[in-house]
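Novice: Take this structure first; my questions come after.
The values are calculated or read from the model by the stated rules, or taken from the named source; none is laboratory data. Every value quoted in this text rests on a predicted model; they were computed, and no experiment measured them. Heads up, the Cβs are rebuilt from the backbone with ideal geometry, glycines too, and the neighbour counts pull from every protein chain shown.
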Amino acid sequence: MREAAVQATERATRAKTRREPAGELDPTVKATVEETLEPRRAARLSERLLQAQVALEAERFTDARRIARSLVKEMGHVAAVHEVLGLSSYRLGKWREAVAALELARSQRSRVEDLPVLADCYRALRRWAKVDEIWQEIREASPAHDVMAEGRIVAAGSLAERGDLRGAIELMEKTASIPRRVRPFHLKQWYVLADLYDRAGNVPKAREMFRRVAVHDRDYADVTDRLASL
């Protein structure tokens, strides 16, 4: 039961990476490519990068990773290439490769939206100090609510894996209030908090939070099974 709970929390932590629709390349990215390559080659590689982004958005992670890796030699100066490589590697569980690519991307173009993923890679590698460092960076950036939620979940998961369930619960309890409009990231946070309560042996609280998730979405993850098991 405990192992199932851990796996359930990790499924929530590693939910689909949110990306902007990849209809065309970002103009800044396109300009960077065009500055360093001759026109025909720039057009060809820009199209390949767009294909990689589309594959990532479509959750064809192996394809996205393969295409991105083929672009690194000629487009190693383009942060978007490393972002696709890092995010697709992350979704494939290739933590070290994901860290290397995302850190390269961050050195070229910092995107707070990618920091929760980077932190989760370090969490998977049990590099706790890096998780704490990136969580602090996320907090200082005051990003969009969904990005903050993802960072908080990773940070809490890290604390729990270090044996600090109390600290993990305290961190997630800050998200326990019910907003006027419930969004997907609220459900994710409540689910993780419920799972932490369950792991800590606080069944009434776990049941309360799982029920709250189920009220808004009975098909969310395995919430129905979790409730039935309590």
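Novice: Of the residues A168, A141, A206, A129, which is under 26 Å from R96 (Cβ atoms) and buried (at least 18 other Cβ atoms within 10 Å of the Cβ)?
Specialist: Exactly one of A168, A141, A206, A129 is under 26 Å from R96 (Cβ atoms) and buried (at least 18 other Cβ atoms within 10 Å of the Cβ), namely A168.
Novice: Before we move on, is Y122 within 22 Å of the chain's Cα centre (by Cα), assigned to a loop (DSSP other than H, G, I, E, B) and aromatic (F, W, Y)?
Specialist: For Y122, the condition - within 22 Å of the chain's Cα centre (by Cα), assigned to a loop (DSSP other than H, G, I, E, B) and aromatic (F, W, Y) - is not met.
Novice: Okay, moving on. Please return the ranges of helices (runs of 4 or more DSSP H) entirely within region 55-111 where 3 or more residues are of a type in the set (D, E) and modelled with pLDDT of 95 or more.
Specialist: Those helices (runs of 4 or more DSSP H) do not exist here; none qualify.
Novice: Further question on the same structure: Kindly establish whether V147 is crowded, with 20+ Cβ neighbours inside 10 Å, β-branched (V, I, T), out of contact with any Gly (no Cβ under 9 Å at 6 or more places or on another chain) and touching a residue at least 12 places away in the same chain (Cβ under 8 Å).
Specialist: Spelling it out, V147 is indeed crowded, with 20+ Cβ neighbours inside 10 Å, β-branched (V, I, T), out of contact with any Gly (no Cβ under 9 Å at 6 or more places or on another chain) and touching a residue at least 12 places away in the same chain (Cβ under 8 Å).
Novice: For region 203-227, which residues satisfy the criterion of being among the hydrophobic types (A, V, I, L, M, F, W, C) and in a helix (DSSP H, G or I)?
Specialist: Across region 203-227, the qualifying residues are V203, A206, M209, F210, V213, A214, V215, V223, L227.
Novice: Of all the residues that make up region 177-203, how many are surrounded by 15 or more Cβ atoms within 10 Å (Cβ to Cβ) and among the small types (G, A, S)?
Specialist: Number satisfying all stated conditions: 2.
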